[in-house]
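Structure first, then comments.
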Amino acid sequence: MPRFAANLTMLFREHPMLERFAAARQAGFKAVEILFPYDAPGRAIRNALEANDLELALINTPPPNWGAGDRGFGAIPGGEERFQHDFRRAIRYSSVLKPRHIHIMAGVAKGPEAHDSFVRNLIWATAEAPDQSLTIEPINPIDLPGYFLNDFDQAAAILDKVGAANLNLQFDVYHAQRITGDAMHAWDQHGHRAAHIQVSRAEGRHEPDASGAIDYPAFFERLDRGGYDGWVSAEYIPEGQTKDGLDWAQLTPP
């Protein structure tokens, strides 16, 4: 089985955030990700990681106002100054939290100018933080209408254009299924670019078991055969208590 991480933004929400680290470790996870850690002091999160012997797999660049519709500034024409401000904030947090990856959010935009803005900003970011692994992630337009990066071929072309060793694909199997209708084919086409994977059932974004359109046992076997050695993050909405729905992961509690 692959190595699974727990998305603490979505899992163990029956606990306050800083208590979710212990809950994840007790369940058997050895890594976690946090979409937006910026509401808590970085040192408090670092302490929770260290106290529970957890690696931080990923954080996102901050959306300044998620409730108002902001989804990042990576592809926003004219938004370069704000993008750089937000990216530097993520790097300040990463200096304390030590995440394996930082996901750069593209934002809501469209057209050639947005493409050019995203490429320029990614070139700047990869040079600004050459020792930090960065990712970009296609997100389906049903869940996030208007999000600029919404196609895997588009992401591949951008990665090739930027051409930076520290920028790779973030492959969310749920989004791949929603975008293409065939997540496994999308993986066959683009999985070689993936540095980080996220999983959830296509139906309702719940536990990634074998009950839906995505054959997760087969996918996990494919990852093992292919030698994928990154984290596979459980990024889903539990149907009940988080700990009661973890059979799919075959975790070994400490």
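Kindly evaluate HIS185 against the criterion of being touching a His at 6+ places or on another chain (Cβ under 6 Å), of a type outside the set (A, V, I, L, M) and closer than 21 Å to ASN140 by Cβ.
Spelling it out, it is not the case that HIS185 is touching a His at 6+ places or on another chain (Cβ under 6 Å), of a type outside the set (A, V, I, L, M) and closer than 21 Å to ASN140 by Cβ.
Give me the residue from region 163-183 that is crowded, with 18+ Cβ neighbours inside 10 Å and among the hydrophobic types (A, V, I, L, M, F, W, C) and, out of that set, farthest from GLY226 (Cα to Cα).
Going through the qualifying residues, I end up with ILE179.
Scan (1) modelled with pLDDT of 95 or more; (2) over 14 Å from the mean Cα position of the chain (by Cα); (3) in a loop (DSSP other than H, G, I, E, B) for the single condition TRP124 breaks and write down its number.
Of everything listed in (1) modelled with pLDDT of 95 or more; (2) over 14 Å from the mean Cα position of the chain (by Cα); (3) in a loop (DSSP other than H, G, I, E, B), TRP124 misses just condition (3).
Determine, yes or no, whether MET10 is in contact (Cβ under 8 Å) with a residue 40 or more places away in the chain, crowded, with 16+ Cβ neighbours inside 10 Å, more than 22 Å from ALA125 (Cα to Cα) and of a type in the set (A, V, I, L, M).
yes
Can you confirm whether region 171-193 contains a residue that is assigned to a loop (DSSP other than H, G, I, E, B) and either aliphatic (A, V, I, L, M) or under 19 Å from ALA6 (Cα atoms) (or both)?
Scanning region 171-193 turns up no residue that is assigned to a loop (DSSP other than H, G, I, E, B) and either aliphatic (A, V, I, L, M) or under 19 Å from ALA6 (Cα atoms) (or both).
For the subset of region 49-72 comprising residues that are crowded, with 16+ Cβ neighbours inside 10 Å and more than 19 Å from HIS101 (Cβ to Cβ), which member is modelled with the highest pLDDT?
Residue satisfying both the conditions and the ranking: ASN52.
Within the set of pairs 6 or more residues apart or between chains, which connect a residue that is in a helix (DSSP H, G or I) inside region 212-241 to a residue that is at pLDDT 95 or above with Cβ atoms less than 6 Å apart?
From region 212-241, the pairs are TYR216/PRO208; PHE220/PRO2; LEU223/PRO2.
The values are calculated or read from the model by the stated rules, or taken from the named source; none is laboratory data. In this text, all values refer to a predicted model and were calculated from it rather than measured experimentally. In this analysis, Cβ positions are derived from the backbone assuming ideal geometry, glycine residues included, and neighbour counts consider all displayed protein chains.
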